[in-house]
Amino acid sequence: MRRSSFARARKRTVPPIPSLHPSACPSHRSADLAGRSVRFSPDIPVIFDRSLVAHHKLVGSWVVSKEGATARLTRPEARRRIEQVFTAKVLDILRSCTIADLRVVLLNGESCGAPAIAIVCDSVGQLDLGWIEDSNRPIPWRAAAYRALERTLGSALPVFCYDDLFDNISMYYWDGETEDGAAREALIAYHGADPSEIDAQIMPSAMNAKRPEWMFAAKAAPQSKLPIVLRRALRELRDAHAALTDLPDEHHAWRVEMDVLYEYVPGIEECSPLPPLTLVPVEQFAVEVDDVGRHGMEYGFMDVTGLCPMTQIAAIDAWLASLAVGARLLRAARHLIELYPPE
């Protein structure tokens with residue numbers, strides 16, 4: 001079967017929005033660890049010949065509040081110290097989050113009234129599902145794990161699931177219809193399909209039938225029927241998800257309001273609204289995933305998974321605390337995927 005060009009999770013190969021793109025930044029690389037880099041936005045020069053701008057001032061005040069007064073520094077020295085301290089703190093939180101490549105971007109926000117911190121996902125494609133997809137473990141175990149990922153992972157990663165894929169295909173080909181008869185009529189009426197060739201077109205029922213058994217939530221075993229190690233992993237994932245969703249919206253690292261994003265990143269509305277990651281297995285749905293991902297592969301995906309304006313020093317501590325809660329969720333998800341429970 002043809003592999004999807006969307007492929008499994010990988011680094012993006014198309015240019016995303018320039019202001020969030022790592023290679024677009026003229027500043028030196030602040031830090032790099034297994035693909036997770038912390039960078040300042042591209043409007044910040046390497047050498048300052050003027051006062052430090054808004055986000056350096058804000059983070060700099062936060063650094064001073066943690067370290068106390070320091071010796072007088074030149075502007076380049078101050079800038080490097082500010083980046084060094086903030087970078088170390090962020091990477092300390094994210095260093096074990098290997099499920100996807102994440103990037104933290106500080107935006108000056110001069111035209112928006114306040115600096116902001118964004119979390120961007122640089123991975124594109126299907127997340128590796130490990131034993132859930134590839135092992136011979138019982139279907140009810142695999143279905144329980146897959147269901148848990150579907151219900152939780154979207155709180156910290158830009159990811160779409162099967163229902164999202166089906167809805168996109170339905171809107172594009174079948175005018176939103178979900179039954180075969182109505183879908184056939186839509187193909188003829190809106191796409192000019194030849195009635196004599198309509199049987200060659202995929203129908204809703206055929207698409208649904210391609211799902212492996214472990215994708216069905218109804219196949220999931222109850223907790224009492226799962227091995228202890230799997231129960232523990234699922235409980236940790238649920239607890240981490242609850243902790244993240246219970247956080248207040250203010251200064252939340254993993255939430256983004258689209259109208260605020262459009263203000264900070266003009267032009268991002270031109271990219272695909274589709275997230276860059278998926279839990280849909282591309283071995284079964286290569287054609288469909290390629291279809292819905294085509295716009296994103298050309299113009300970029302909606303890869304911002306968090307955007308938080310920063311109006312005061314205390315907001316940085318709150319943001320870092322919520323960053324750690326989201327990191328816990330990502331670690332729990334990776335642990336579940338890598339578990340391979342004993343038979």
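Here are some notes:
- The one condition in (1) touching a Pro at 6+ places or on another chain (Cβ under 6 Å); (2) surrounded by fewer than 11 Cβ atoms within 10 Å (Cβ to Cβ) that Ala183 fails to fulfil: (2)
- Scoring Arg137 on the criteria (1) part of a strand (DSSP E or B); (2) modelled with pLDDT of 95 or more leaves a single failure, condition (1).
- Residues of the range 130-173 classified as under 30 Å from Tyr190 (Cβ atoms) and among the small types (Gly, Ala, Ser), total: 1
- Tallying residues that are in contact (Cβ under 8 Å) with a residue 40 or more places away in the chain, farther than 21 Å from Val256 by Cβ and in a helix (DSSP H, G or I) within the range 90-134 yields 4.
- Each residue in the range 92-145 was checked for being crowded, with 18+ Cβ neighbours inside 10 Å and under 17 Å from the mean Cα position of the chain (by Cα), and 22 of them qualify.
- Within the range 244-262, the set of residues being assigned to a helix (DSSP H, G or I) and either crowded, with 16+ Cβ neighbours inside 10 Å or among the acidic types (Asp, Glu) (or both) comprises Leu244, Asp259, Leu261.
- Figure legend. Inter-residue proximity from the range 263-286: first residues buried (at least 22 other Cβ atoms within 10 Å of the Cβ) and of a type in the set (S, T, N, Q), second residues at pLDDT below 95 and in a loop (DSSP other than H, G, I, E, B), beta-carbon distance below 8 Å, spacing 6+ or different chains. Indicated pairs: Thr278/Phe6.
- Criterion: in a helix (DSSP H, G or I) and surrounded by fewer than 16 Cβ atoms within 10 Å (Cβ to Cβ) - qualifying residue of Ala318, Ala218: Ala218
- Residue, surrounded by the most Cβ atoms within 10 Å (Cβ to Cβ), within the range 191-213, restricted to residues that are among the acidic types (Asp, Glu) and either assigned to a helix (DSSP H, G or I) or under 30 Å from the mean Cα position of the chain (by Cα) (or both): Glu213
- Single match in Arg147, Arg184 (criterion: in a helix (DSSP H, G or I), under 19 Å from Ala218 (Cα atoms) and not aliphatic (A, V, I, L, M)): Arg147
The values are calculated or read from the model by the stated rules, or taken from the named source; none is laboratory data. The shown structure was predicted, so the numbers you read here are calculated from the model rather than taken from an experiment. Note: ideal-geometry Cβ built from the backbone for every residue, glycine included; neighbour counts use all protein chains shown.
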